[in-house]
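Visitor: One structure is given below, represented as structure tokens, and several questions about it will come after.
The values are calculated or read from the model by the stated rules, or taken from the named source; none is laboratory data. Fair warning: this is a prediction, and the values are worked out from it, not measured in the lab. Note: ideal-geometry Cβ built from the backbone for every residue, glycine included; neighbour counts use all protein chains shown.
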Amino acid sequence: MLRGACSTAVKNLVSGINDNIAVQKNEQSQTTIIQKILSANTTDDGNFQTAKSKLVTIVNQGITIRQNNQKIAPSGNAAIAGLATVATAQKGELKLAQGLTGTPDIDNPNLSNLQTMFSGGIKQNQQNAKDVGFQFYFIVLC
């Protein structure tokens with residue numbers, strides 16, 4: 001494929017998918033911060049609530065980006081099904097993030113699950129980028 005041969009819609013979609021991957025990495029980092037807060041001998045509720053709120057905000061950013069990606073995806077694009085998979089996962093991620101309590105015994109399994117979900121989301125979005133017409137999300141083939 002020749003450089004410049006991709007449509008603007010395809011380029012915008014890949015850019016949006018890249019943005020979502022960046023947010024997913026932020027979700028992972030923020031989840032790690034919460035895990036560290038909960039691993040302290042005594043959990044500082046203020047720090048926990050701030051970190052939880054930030055995680056929920058980040059998850060919502062990812063949802064907004066994915067919703068936009070779904071709106072701009074060219075009709076019939078192979079990434080459409082993958083974006084729907086991401087949408088379903090994000091609903092579960094948001095529910096888990098909002099349900100964090102600050103109690104390590106309750107939250108640690110959910111945080112571990114969130115880390116797994118975020119990793120899976122990154123892999124799905126990498127596949128989505130391939131499906132759009134790119135080999136990897138940072139390597140443009142057109």
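Visitor: Quick test for you: out of Lys91, Lys52, pick the one residue that is under 14 Å from the mean Cα position of the chain (by Cα), more than 15 Å from Leu13 (Cα to Cα) and of a type outside the set (A, V, I, L, M).
Guide: Lys91
Visitor: Going by what's in this entry, would Thr101 be described as of a type in the set (Val, Ile, Thr), modelled with pLDDT of 95 or more, outside any helix (DSSP H, G or I) and exposed (fewer than 15 other Cβ atoms within 10 Å of the Cβ)?
Guide: In short, yes.
Visitor: What about Asn113, is it out of contact with any Phe, Trp or Tyr (no Cβ under 8 Å at 6 or more places or on another chain) and closer than 23 Å to Ile37 by Cα?
Guide: Yes; evaluated as a whole, the condition is true for this residue.
Visitor: Being among the polar types (S, T, N, Q) and closer than 18 Å to Pro109 by Cα is the filter; apply it to segment 13-40 and report the residue that is surrounded by the fewest Cβ atoms within 10 Å (Cβ to Cβ).
Guide: The residue in question is Ser39.
Visitor: Additional query: Of the numbered conditions (1) part of a helix (DSSP H, G or I); (2) touching a residue at least 24 places away in the same chain (Cβ under 8 Å), Lys91 fails exactly one; give the number of that condition.
Guide: Unmet condition: (2).
Visitor: Between residues in segment 95-118 that are within 14 Å of Val56 (Cβ to Cβ) and residues that are exposed (fewer than 12 other Cβ atoms within 10 Å of the Cβ) and modelled with pLDDT under 95, which pairs lie under 7 Å by C-beta distance while being six or more apart or on different chains?
Guide: Gly102/Asp45
Visitor: Let me ask another. Kindly indicate whether Pro74 is at pLDDT 95 or above and over 14 Å from the mean Cα position of the chain (by Cα).
Guide: So Pro74 does not fit the description; no.
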